[in-house]
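Structure, as structure tokens:
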Amino acid sequence: MRTQVGIIGAGPAGLLLGRLLSLQGIENVILERRSANHVLSRIRAGVLDSATLEALREAGCDQRMNAEGLFHDGFDIVSSGTRFHIDLKGLTGQHVIVYGQTEVTQDLMDARAKDGAATLYEAAAVNIDGIESGPARVAYEHEGGLKELTCDYIAGCDGFHGVAAKAIPSEIRKTFERVYPFGWLGLFADVPPCSHELIYANHRNGFALASMRSETRSRYYIQCPIDTDLADWPDERVWAELAIRLGEEAAAKMWSGPSLEKSVAPLRSFVCEPLRHGRLFLAGDAAHIVPPTGAKGLNLASADALVLSRALTALIKGGDSTLADAYSATRLAHIWKVERFSWWMTTMLHKFSEHEDFNSRIQLAELAYLSQSKAEQASLAENYVGLPF
Ligand code: RFL
Ligand code: PHB
């Protein structure tokens, strides 16, 4: 099989890129290791910032998000039993939209089906070749056989465990990583949220987050040890711990119910440099991971897809390589700012030590300062709604 752009991965990065290229008349094929249903069933991001809003608008896939998404003008932080508000709208003039990654993915898959663009599901890329000399080739396993996709360019949108980043020679590829000493236990339930906006909590038992997917569906998280066995956390225990960590006001309004999904996710910061080598370009989690505290992973993937679609369009349709040559540096300048913000939110809100040590006092001082300083709130807010890129 031959195409102009071979895309590995049908997560948000791959699907957005594919749609934006199809709108420009550029032929592309997506190879996805999992089934469409599996991709659609992964409950992940929920908060969309300006990057995803812009990308979905440009992709013509924002109608349902605008109709069904929840527009949030702020969120609350609870620290030492005190709850304070971050007024995103007042501080930046912008809002975020709560609309699940599963819905974004569904909308992009529907658009792709209408475009008639090819997606091979249960097709796992196993090897990448020819990115320096061309033609670029992706070897993949599909329907019991080993096949090959030949393309002008390859977009590695295959997430953190993908194969694309590893095709950049090790003497060129440099990675930066921080693994946090805890995870998030997430619980999804068919109950109304305990507040009309999100609540992030720093508690001596650890971090907690109250989020949602709609007026009737709640998404909650608690910080937990990385080796947590879900069998030790029946729903009742999770609800009880949420009530403690989120504070009395939230607990009084909290509806509990059976979980529809419960899982533990690790927290990691990771960047792979550069994002381009020859005919291979990386986008999304394949190139970088942020801990979810700042709600930025999907939004970074959207920004990558938007910038990459413009670069590939100029290259393929206009023969102009300026944007493609600048892709890695342009994106890394933004990515590192978002890495910093996600690390900072994580550091400020999680419990790192059993002891009340220097770091935990600094953390409390930071939260007290944040609760009082409009200047620090403005800094948080402009990062949360999405920095320009
Ligand atoms: P994805 O979504 O992981 O998609 C990559 C796809 O590539 C496929 N794949 C392969 N296909 C073919 N051949 C191979 N060899 C392949 N290897 C892998 C995979 O099957 C998969 O379908 O990456 P993408 O597209 O870059 O999108 C990134 C986002 O999914 C991710 O950053 C966010 O979900 C992160 N995230 C959040 N981001 C936000 O912006 N806001 C949030 O509120 C937010 N909350 C979260 C999150 C992530 C979480 N977890 C579980 C890590 C909350 C959580 C709990
Ligand atoms: C979510 O709703 O899944 C969510 C919201 C905010 C975050 C992370 C995850 O910071």
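Only the coordinates and a few stated rules stand behind these numbers; no lab work does. The shown structure was predicted, so the numbers you read here are calculated from the model rather than taken from an experiment. Because the Cβ atoms are built from the backbone with ideal geometry, glycine has one as well, and the counts that use them run over all protein chains shown.
Close amide H pairs (under 5 Å, H built 1.01 Å from N) link PHE182 with LEU267, residues at least 5 positions away or on another chain. Going from the residue with the fewest nearby Cβ atoms within 10 Å to the one with the most, VAL264, VAL47 rank VAL264, VAL47. Counting Lys and Arg as +1 and Asp and Glu as -1 over every other residue whose Cβ lies under 14 Å from the Cβ of GLU54, the net charge comes to -1. Farthest toward the dipole's positive end in the chain, which of ILE43, ALA210, LEU146, given Cβ charges of +1 (Lys, Arg) and -1 (Asp, Glu) about the Cα centre? It is LEU146. A straight chain from ARG178 to GLU122 at 0.36 nm per residue would run longer than the Cα-Cα distance by 17.0 nm.
The Cα atoms of segment 350-389 give a gyration tensor whose axes a ≥ b ≥ c have a/c of 1.5 or more with a/b no greater than b/c, which makes the shape oblate. When each of VAL104, VAL78 is scored by the number of other beta-carbon atoms lying within 10 Å, the sequence from fewest to most is VAL78, VAL104. Helices in the chain that qualify as membrane-span-like (whole DSSP H runs, Cα extent of at least 27 Å along the helix axis, mean Kyte-Doolittle hydropathy of 0.0 or higher) are 297-318, 322-349.
Panel order for HIS38, HIS334, by other beta carbons found within 10 Å of each beta carbon, from fewest to most: HIS38, HIS334.
With the cut-off at under 20 Å, measuring from each backbone N in segment 236-253 to a point 7 Å along the Cα-to-Cβ line of ARG204 picks out 240-251. Straight Cα distances below 18 angstrom link LYS351 to the aspartates and glutamates ASP227, GLU241, GLU366, with same-chain residues fewer than 8 positions distant left out. Potential lengthening of the chain between THR322 and GLU141 amounts to 61.7 nm, from the contour at 0.36 nm per residue minus the alpha-carbon distance.
For the chain, the calculated P(r) over all alpha carbon pairs, in 10 Å bins from 0 to the bin holding the longest distance, is 5, 23, 32, 24, 12, 4, 0 percent. Among GLN106, GLN372, GLN223, whose mean-square fluctuation peaks in a Gaussian network model of the chain (Cα, cutoff 10 Å)? The residue that fluctuates most here is GLN372.
Normalising the average separation of contacting C-alpha pairs (under 8 angstrom, six or more residues apart) by the number of residues puts the relative contact order of the chain at 21 percent.
In percent, rounded to a whole number, the relative contact order of segment 314-389 is 29, using alpha-carbon pairs under 8 Å and six or more apart. Remark on segment 49-126: Rg and Dmax equal 17.4, 54 Å (Cα only). Over segment 174-281, the ratio between the Cα radius of gyration and 2.2 N^0.38 Å evaluates to 1.29.
Of all the options ASP320, ASP76, ASP285, the one that moves most in a Gaussian network model of the chain with Cα springs shorter than 10 angstrom is ASP320.
Summing Cβ point charges (Lys, Arg +1; Asp, Glu -1) relative to the Cα centre of segment 237-389 gives a dipole of roughly 400 debye.
Can you tell me the FRET efficiency between ASN359 and SER170 if r is taken as the Cβ-Cβ distance and R0 is 35 Å, rounded to the nearest 0.05? My answer for the efficiency is 0.50. Considering only THR293, THR313, ALA252, the residue lying farthest towards the positive end of the dipole of segment 248-331 is THR313, judged by Cα position with unit charges set on Cβ. Based on Cα contacts under 8 Å between residues 6+ apart, segment 117-224 shows a relative contact order of 17 percent. This model, with +1 at the C-beta of Lys and Arg and -1 at the C-beta of Asp and Glu, gives the chain a dipole about its Cα centre of some 440 debye. In the Gaussian network model of the chain, springs joining C-alpha atoms below 10 Å, which of ILE362, ILE86, ILE128 carries the largest mean-square fluctuation? In this elastic network of the chain, the residue with the biggest mean-square fluctuation among ILE362, ILE86, ILE128 is ILE362.
Look at the dipole of the chain built from charges on Cβ: of HIS72, ILE131, ALA117, the Cα furthest out on the positive end belongs to ILE131.
Relative to the current alpha-carbon distance between GLU261 and GLU376, full extension at 0.36 nm per residue lengthens the span by 37.9 nm. The Rg/Rh ratio for segment 97-241, using Cα coordinates for both the radius of gyration and the Kirkwood hydrodynamic radius, is 1.08. Other residues lying with their Cβ under 10 Å from the Cβ of ALA123 contribute a combined charge of -1, Lys and Arg counting +1, Asp and Glu -1. When only the Cβ of Lys, Arg, Asp and Glu is charged (+1, +1, -1, -1), the dipole of segment 123-199 relative to its Cα centre reaches about 260 debye.
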